[in-house]
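See structure below.
The values are calculated or read from the model by the stated rules, or taken from the named source; none is laboratory data. No experiment lies behind these values; they were computed from the predicted model shown. Note that each Cβ is placed from the backbone with ideal geometry, even for glycine, and that neighbours are counted across all protein chains shown.
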Amino acid sequence: MDGDVPHVEWVAGSHVPAPATVSYPVRDGNLVQPLIDAVPTFTRIADAVDAAKASVWVVAAFLWPAFRLPGGRGTVFDLLDRAAARGLDVRMLVWRPEPGMYGLGKVFVGTEADRELLRSRGSRFAIRWDRAHPGFAQHQKSWLIDAGEPTETAFVGGINLTASIPHVPGHPGGGQVHDVYVEIAGPAASDVHHNFVQRWNEASERLAEDGVWPNADAASDLPFPRVLSPARGTSRVQIQRTVHPGRYTDATPAPGASGYDIAQGERSILDQYLAAIDAARTSIHIENQAIPIPLVAERLERALRRGVAVVAIVPGVAEEGVRTARRHAAHRESFDRLAALGRHERFVLAGLAGRGASDGRSEVHVHAKVMVVDDAWATIGSCNLHRHSLLGNTEMNASIWDPVIARSLRCALMAEHLDIDTGGMDALGVFEVFQRVARDNRQLREAGSSDWQGIVHSLDPGTYGR
């Protein structure tokens, strides 16, 4: 798991390999549906919860009780309380940060005030809180409906349950967030099931008086899945993770999987990123909250030297952590590597900016964690390209070997970002259009005009974060 030269396994019919050191194998026979942005995502998730027959299990990182679902469905707690009232097994695994990390954002850490809120609601669904390795985060986000049942479906992605204004496709505006989830039904959902059980049964706070809700009996341990879910579609999917060494110890394998010593940790997401970049032949499309760590940036530069076109869409206004890092010499290599990418003609760094309330342009915060390579392979999940996500957080991505899904995802993203149908273009043709539109929009912004094509605008890799 050194991450520098990952061991890989070749996937039949694809030039993009899979990591060899991983908890879960590549699974055939999955039904896959990417979901772009919060309104479509949470509409579909709420529909699935309302239709659930047996269980609803949720993994949450950032969570704010005031977050409201689209379509008048109320809060997430309203949704889960309704499911529990129907007699379903409803559980939520929630990150409990170290006290010094509470300032990261809206977190539901199980304080007395949090518990009083649950008491006042009469909430009966089960909660376990789980800490990460010190300095890192329990950053996975997933929903699993009807685990192990014929109606099982899983959702994996990066959208937090916070009160950020949801981004509506086609109608970007001020203060909004761009993010992606993926719905999976079929054998790979069994691995989302396994991950939940592995984490639930060893959640760090399960024995603490304030580490469960409503009580230890309600938040009982779960059996691991023993039977692989039946095929539901034609897509190949692998569930990949970052897990810090020492967080979990039960190495019970998923159905049909080889044994994996989870106590040693897992970095299959990093290995997959590197393997996919190394395999790229024509194009790499990245949407991520973070700029690539040097190891990933180095691989991207190798790809650029091979003639591969690379698009990287990031927050147009760099996050405070990025701006702080730029001021410190210890992080200089990250920004030098980004500047080096910018010296290649086939590299574009871009942000997104929608129309604001005053008819100007306002940044759409890019929170997605997506990569598409050669319209042949894609990954969607919770993992950023910074060191915390790749080396220490608990993360989960779904990698997809299906040219139809990969291409349709890229086309859907481009339709939103460029306001152009790129379905008839090859990947290099799309890159040329993207590069032109992003540069034109930047010039328009500098001239004070908001009359753009789409919402992309190019950024300067040499000055990003200043």
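Table: residues versus (1) under 30 Å from Leu270 (Cβ atoms); (2) surrounded by 21 or more Cβ atoms within 10 Å (Cβ to Cβ); (3) small (Gly, Ala, Ser).
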| position | (1), (2), (3) |
| --- | --- |
| Trp213 | no, yes, no |
| Asp217 | no, no, no |
| Pro223 | no, no, no |
| Val237 | yes, yes, no |
| Arg241 | yes, yes, no |
| His244 | yes, no, no |
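I'd like to check something: does segment 62-73 contain any residue that is under 21 Å from the mean Cα position of the chain (by Cα), of a type outside the set (A, V, I, L, M, F, W, C) and modelled with pLDDT of 95 or more?
Within segment 62-73 (the criterion being under 21 Å from the mean Cα position of the chain (by Cα), of a type outside the set (A, V, I, L, M, F, W, C) and modelled with pLDDT of 95 or more), the answer is no, since none of the residues qualifies.
Of the residues Asp421, Asp336, Asp426, Asp402, which is surrounded by fewer than 22 Cβ atoms within 10 Å (Cβ to Cβ), within 30 Å of Ser449 (Cα to Cα) and of a type in the set (Asp, Glu)? So that I can check it myself, show each step before the final result.
On the way: Asp336 fails: within 30 Å of Ser449 (Cα to Cα); Asp426 fails: within 30 Å of Ser449 (Cα to Cα); Asp402 fails: within 30 Å of Ser449 (Cα to Cα).
None of the other options fit; the residue is Asp421.
Checking Val310 against (1) touching a Phe, Trp or Tyr at 6+ places or on another chain (Cβ under 6 Å); (2) of a type in the set (A, V, I, L, M, F, W, C); (3) in contact (Cβ under 8 Å) with a residue 60 or more places away in the chain, only one condition comes out false. Which one?
Tallying (1) touching a Phe, Trp or Tyr at 6+ places or on another chain (Cβ under 6 Å); (2) of a type in the set (A, V, I, L, M, F, W, C); (3) in contact (Cβ under 8 Å) with a residue 60 or more places away in the chain, Val310 fails exactly one: (3).
Give the residue, chosen from Gly71, Gly110, that is surrounded by fewer than 16 Cβ atoms within 10 Å (Cβ to Cβ) and either touching a residue at least 40 places away in the same chain (Cβ under 8 Å) or of a type outside the set (Lys, Arg) (or both). Step through it out loud before you land on a result.
Values: Gly110 fails: surrounded by fewer than 16 Cβ atoms within 10 Å (Cβ to Cβ).
It is Gly71.
I'd like to check which strands (runs of 3 or more DSSP E) are fully inside segment 143-199 and have at least 2 residues that are modelled with pLDDT of 95 or more and small (Gly, Ala, Ser).
Strands (runs of 3 or more DSSP E) meeting the threshold: 153-157.
From the list Arg410, Arg355, exactly one residue is touching a Lys or Arg at 6+ places or on another chain (Cβ under 7 Å) and either basic (Lys, Arg) or surrounded by 16 or more Cβ atoms within 10 Å (Cβ to Cβ) (or both). Which is it?
Details: Arg410 fails: touching a Lys or Arg at 6+ places or on another chain (Cβ under 7 Å).
Testing whether each residue is touching a Lys or Arg at 6+ places or on another chain (Cβ under 7 Å) and either basic (Lys, Arg) or surrounded by 16 or more Cβ atoms within 10 Å (Cβ to Cβ) (or both) leaves just Arg355.
Hey, can you tell me all the residues within segment 237-248 that are assigned to a strand (DSSP E or B) and among the charged types (D, E, K, R)? Let's see the steps before the verdict.
Narrowing segment 237-248 to residues assigned to a strand (DSSP E or B): 237-243.
Selection gives Arg241 alone.
Does segment 231-253 hold any residues that are among the charged types (D, E, K, R) and in contact (Cβ under 8 Å) with a residue 60 or more places away in the chain, and which are they? Even if it seems obvious, please write down each step before you answer.
Here is the first cut: in segment 231-253, the ones among the charged types (D, E, K, R) are 232, 236, 241, 247, 250.
Within segment 231-253, Arg232, Arg236, Arg241, Arg247 qualify.
When you go through Trp64, Trp57 one by one, which is the residue that is of a type in the set (Phe, Trp, Tyr) and closer than 30 Å to Asp271 by Cβ? Reasoning before the result, please.
On the way: Trp64 fails: closer than 30 Å to Asp271 by Cβ.
Going through Trp64, Trp57 in turn, the sole match is Trp57.
Looking at segment 260-271, is at least one residue under 18 Å from the mean Cα position of the chain (by Cα) and without any contact (Cβ under 8 Å) to a residue 40 or more places away in the chain?
Among the residues of segment 260-271, not one is under 18 Å from the mean Cα position of the chain (by Cα) and without any contact (Cβ under 8 Å) to a residue 40 or more places away in the chain, which makes the answer no.
Given the criterion in contact with a Gly (Cβ under 8 Å, 6 or more places away or on another chain) and either more than 17 Å from Ala188 (Cβ to Cβ) or not small (Gly, Ala, Ser) (or both), identify the matching residue among Thr41, Thr75, Thr21. Working first, answer last.
Numbers: Thr75 fails: in contact with a Gly (Cβ under 8 Å, 6 or more places away or on another chain); Thr21 fails: in contact with a Gly (Cβ under 8 Å, 6 or more places away or on another chain).
Going through Thr41, Thr75, Thr21 in turn, just one is in contact with a Gly (Cβ under 8 Å, 6 or more places away or on another chain) and either more than 17 Å from Ala188 (Cβ to Cβ) or not small (Gly, Ala, Ser) (or both): Thr41.
Any chance segment 352-369 includes a residue that's outside any helix (DSSP H, G or I) and closer than 28 Å to Val11 by Cα? Before the answer, list the steps.
As a first pass, look at segment 352-369 and keep what is outside any helix (DSSP H, G or I): 352-369.
Restricting the remaining residues to those that are closer than 28 Å to Val11 by Cα gives 368-369.
Yes, segment 352-369 has at least one match.
Go through segment 189-211 and count every residue that is surrounded by fewer than 19 Cβ atoms within 10 Å (Cβ to Cβ) and touching a helix residue (DSSP H, G or I) at 6+ places or on another chain (Cβ under 9 Å).
Matching residues across segment 189-211 total 2.
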